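Trainee: This structure is in C-alpha cells; I'll ask about it shortly.
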Amino acid sequence: MKYHRRLQRQLCEVNLDQKVLDKIAPLLHMVDNSYKVMDADMQHAETILEESSKELYLRNLQLKNNVEEVTSQLTKVASNIKDVIFEIDLSGQWSYLNSAWEEMTGLSVKESIGKSIEECLKNVDGKPYSNLLDLHNPEANTFNKTLESLDKNGDRIWLEFTIKGIKSGSGKVEGYIGTIVNITNLKLTEYELIKAREKEVKANKAKSEFLSTMSHEIRTPLNAVIGIAHLLLIENPKQEQIENLSTLKYSSEHLLGVVNDILDYDKIAAGSLELEKANFSLKQVLNTVQSIFTNKASKKGISFHIKKDSLLQDTMIGDSTRLSQILTNLVSNAIKFTEHGTVSLEVEVLNETENNTKLLFSVNDTGIGIESDKIDKIFESFAQAHVSTTRIYGGTGLGLAICQRLLQLMGTSIKVESTPNVGSCFSFELDFRKGNPIASILQEENNSALGTNDLEDSKKLHGYKILVVEDNKINIFLIEKFLKKWGVDYDVAIDGKVAVQYAFKKEYDLILMDLQMPVMNGYDASLAIRASESIHNQTIPIYALSASTGESIKKDLLSHGMNGLICKPFNPNELYHTISEILIGNVKENT
C-alpha cells in the first residue's frame, strides 16, 4: 500500500520487514490520514496567508497613495499660504519652510534649511535677531512677537513671529512649529489711524481754544451790557424805559445762554466734562427751579408746580449743578412750548436701599407736543422738531442734546412720550448715593445766612474788605457800582504787580483776580501772594473773575494757588450770593 510521502520516507529509514508492517498497518493508516489532513490544513493556511498578503499589500498601497495625496494637498496648501509656516529643531535650525519664505525674504527654502534662524531673520539694520529663542530652556519658547525687518527689496516690513513647542507623548519638547505673518499693511493702517487721531486731537484742541477765546471776547463786552442793564433797572428808571431795559437785559442774558450752550456741548463732545460727586440738597435744587419758573409760567397764564414723593430723602451725592441744568432746560422748554394749561415737575422714588435711591424725574406739559417721527430729531445738535420752531420760539437746538449727553454720562437717558396738540412728558431715571443729612442742614443754614435777593436791602457784606484786580475800565466801573451798593470796603488794582503790592500792605477778606492783564497776569500775581510770609496771604480766598471758561483753566487756577472761578459775565444777584458764601463760609471756618 502506498502511504503519504513523509510516512513512506520514514518507513524506508527504519527498514521494517513485511510481518511487522502488516502488524502495525492500522496504526500506519492513522498516521497516513493524519499527514494527509495536515497537508490539507497547511494548504488552506497557505491560501489564507496568500490572500491576506495580497489584501495587506493592497491596503498598504492604498494607504501610501492616501498619504501621498494628503501630503500633496498639504504641500499645495502650505505653498499657497502667504504666511510663512516653519519648523525648527532644538538647536534653533530650520527643518521646514513653506514657499512663502522665499517670497517674503528672497532666500531659497533649500539654502535656508539647516541654517539657524539668526542667520536668516535680521532687523532693519541688517543685524541678526540674537537671543530670539532660549535654546537652554525649550519650555520658554512659546510666544508671539512683532519684529521689524527688511523684505527682499530692502523695504521695511513688520512681521508677527509666533512659535510653539512640539511635545512628545511624555510632554518633552522635541522641536518647534510656528508662523511668520507679514503685518505691514496692518501696521501702516495703525500708524495712519494714530496720525489721524493726533490730527483730530489737535483740531479739537484748536476748536476748543478758538471757542474759549471767542467766548472770552464775547463775554467781556457782554458783562458790561448785562451789568449796566441791571444797574439801570435798579436805579429807578422812568416807566417808559423799563420795557426797553428789560428787553436789553433779556437779550443779553439770552446771548449768554447761547454762548454757554455751545461751550457746554463742546466740553461734552471733547470728553473733558467731569461730573462732580458731592453732598447736595435736592430740596434746594427743586426750590431753585420753583423760584425761577413760577413767575415765568404765571406771566404766560399757565400754572407750574412741583410734586415730590413723600419718601423722597433730601440729601444726595452727585452733581447738583448738572442736575439743575437738566431740570432747568426741560422745565424751560415745557413752559416755552405751552400756551395753555399746566407744566409740572414730578420726582418719584422708584427703589430705595440703605445707601442708594433710584429717582424718576418727569416734566409734563399740555403744550404743542411732538410727532412720533420727530422725537429722535430733537436730541440732535442744533436741531428742532420743525424749521419754524426756532423762528417762533427761539433757541439754539442744543439744550436737549446737552441734557441727553449729560444724562448719558450719568448712565441713563431721556425718555419722551408726546401727542401733538395734547402735550409731552420728558422723563429720566437717576441712581444716587444717599448723602450726609448734616451737610444738607449746614448748607441750608449757610444759604439762609446769605440773606435776600434784594441787593438794595442786603447788608451782609458791610465792612468786608475786597481787593479787585482788573484792567478793563468798564468792568471796574460795574463792579465798583455793585460793591458800593453792598457796603464793601474795596480797592482796585489795575494789574497783578499792583495787586501784590496791595496784598503785602493791607489784609483783605477776598481777592477777585482777573487772569489776563498787562505787566503781571493773575496767575503769577496769585503765586506771589501765596509765597508771602504772611499767614493771612497764604490762606486768603483768591477767586479768578474771568471770562475764560476752558476746562484746563480750572486746573491751572488750583495749581497757581487760587480757590475757584467766578465767570464773567455775572448776574449781580448771583455774584452777591457767591461772594457772601465765600466770605461767610470763610469766617465760619476761622471761628
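The values are calculated or read from the model by the stated rules, or taken from the named source; none is laboratory data. Because the structure is a prediction, the values reported are computed rather than measured. So basically every Cβ, Gly included, is an ideal-geometry build from the backbone, and we count neighbours across all protein chains shown. Accessible surface is based on the protein model in full, side chains and every heavy atom, while ligands, DNA and RNA are left aside. Shrake-Rupley method; radii C 1.70, N 1.55, O 1.52, S 1.80 Å.
Trainee: Out of everything in segment 304-350 that is of a type in the set (Gly, Ala, Ser) and within 25 Å of residue 378 (Cα to Cα), what residue ends up being nearest to the chain's Cα centre (by Cα)?
Mentor: Checked segment 304-350; the qualifying residue nearest to the chain's Cα centre (by Cα) is 320.
Trainee: Can you report the number of residues in segment 130-152 which are in a loop (DSSP other than H, G, I, E, B) and either free of Cβ contacts under 8 Å to residues at least 12 places away in the same chain or of a type in the set (Ser, Thr, Tyr) (or both)?
Mentor: Total meeting the criteria: 6.
Trainee: Of these, 471, 491, which one is surrounded by fewer than 22 Cβ atoms within 10 Å (Cβ to Cβ) and either part of a strand (DSSP E or B) or polar (S, T, N, Q) (or both)?
Mentor: Only one candidate qualifies: 491.
Trainee: Name every residue in segment 143-201 that is surrounded by 13 or more Cβ atoms within 10 Å (Cβ to Cβ) and β-branched (Val, Ile, Thr), in order of residue number.
Mentor: Across segment 143-201, the qualifying residues are 157, 162, 163, 166, 173, 177, 179, 180, 181, 183, 184.
Trainee: Return the total of residues in segment 528-564 being of a type in the set (A, V, I, L, M, F, W, C) and either open to solvent by 40 Å² or more (accessible area, probe 1.4 Å) or part of a loop (DSSP other than H, G, I, E, B) (or both).
Mentor: 6
Trainee: Right, something else. Quickly run through segment 400-431 and pick out the residues that are part of a helix (DSSP H, G or I), open to solvent by 60 Å² or more (accessible area, probe 1.4 Å) and touching a residue at least 12 places away in the same chain (Cβ under 8 Å).
Mentor: Within segment 400-431, 405, 409 qualify.
Trainee: Report every pair of residues separated by at least 6 positions or lying on different chains whose Cβ atoms are under 6 Å apart, first residue within segment 1-26 and part of a helix (DSSP H, G or I), second hydroxyl-bearing (Ser, Thr, Tyr) and open to solvent by less than 50 Å² (accessible area, probe 1.4 Å).
Mentor: Between residues of segment 1-26 that are part of a helix (DSSP H, G or I) and residues that are hydroxyl-bearing (Ser, Thr, Tyr) and open to solvent by less than 50 Å² (accessible area, probe 1.4 Å), the close pairs are 6/35; 7/35.
Trainee: So is residue 37 β-branched (Val, Ile, Thr) and either open to solvent by less than 60 Å² (accessible area, probe 1.4 Å) or in contact with a strand residue (DSSP E or B) (Cβ under 9 Å, 6 or more places away or on another chain) (or both) or not?
Mentor: no
Trainee: Let me ask another. Suppose we keep only residues that are of a type in the set (Val, Ile, Thr) and farther than 30 Å from residue 283 by Cβ within segment 448-482. Which one would you say is modelled with the lowest pLDDT?
Mentor: 474
Trainee: Kindly indicate whether residue 397 is within 30 Å of residue 579 (Cα to Cα), in a loop (DSSP other than H, G, I, E, B), among the small types (Gly, Ala, Ser) and at pLDDT below 75.
Mentor: no
Trainee: Count, please, the residues in segment 494-515 that happen to be part of a loop (DSSP other than H, G, I, E, B), surrounded by 14 or more Cβ atoms within 10 Å (Cβ to Cβ) and without any contact (Cβ under 8 Å) to a residue 60 or more places away in the chain.
Mentor: 5
Trainee: Out of all the residues in segment 68-82, is one or more under 30 Å from residue 114 (Cβ atoms), in contact with an Asp or Glu (Cβ under 9 Å, 6 or more places away or on another chain) and either modelled with pLDDT of 85 or more or not hydroxyl-bearing (Ser, Thr, Tyr) (or both)?
Mentor: There is at least one residue in segment 68-82 that is under 30 Å from residue 114 (Cβ atoms), in contact with an Asp or Glu (Cβ under 9 Å, 6 or more places away or on another chain) and either modelled with pLDDT of 85 or more or not hydroxyl-bearing (Ser, Thr, Tyr) (or both).
Trainee: Can you pull out every residue in segment 328-360 that is of a type in the set (Lys, Arg) and either surrounded by 17 or more Cβ atoms within 10 Å (Cβ to Cβ) or without any contact (Cβ under 8 Å) to a residue 60 or more places away in the chain (or both)?
Mentor: Of everything in segment 328-360, just one residue is of a type in the set (Lys, Arg) and either surrounded by 17 or more Cβ atoms within 10 Å (Cβ to Cβ) or without any contact (Cβ under 8 Å) to a residue 60 or more places away in the chain (or both), namely 336.
Trainee: Just for segment 100-129: of the residues that are open to solvent by 70 Å² or more (accessible area, probe 1.4 Å) and in a loop (DSSP other than H, G, I, E, B), which one is nearest to residue 156 (Cα to Cα)?
Mentor: Of everything passing the filter in segment 100-129, 125 is nearest to residue 156 (Cα to Cα).
Trainee: List every residue pair whose Cβ atoms sit under 7 Å apart, with the two residues 6 or more apart in sequence or on different chains, where the first one lies in segment 177-205 and is touching a residue at least 12 places away in the same chain (Cβ under 8 Å) and the second, anywhere, is among the acidic types (Asp, Glu) and surrounded by 12 or more Cβ atoms within 10 Å (Cβ to Cβ).
Mentor: 177/87; 179/83; 180/83; 181/83; 181/160; 183/160
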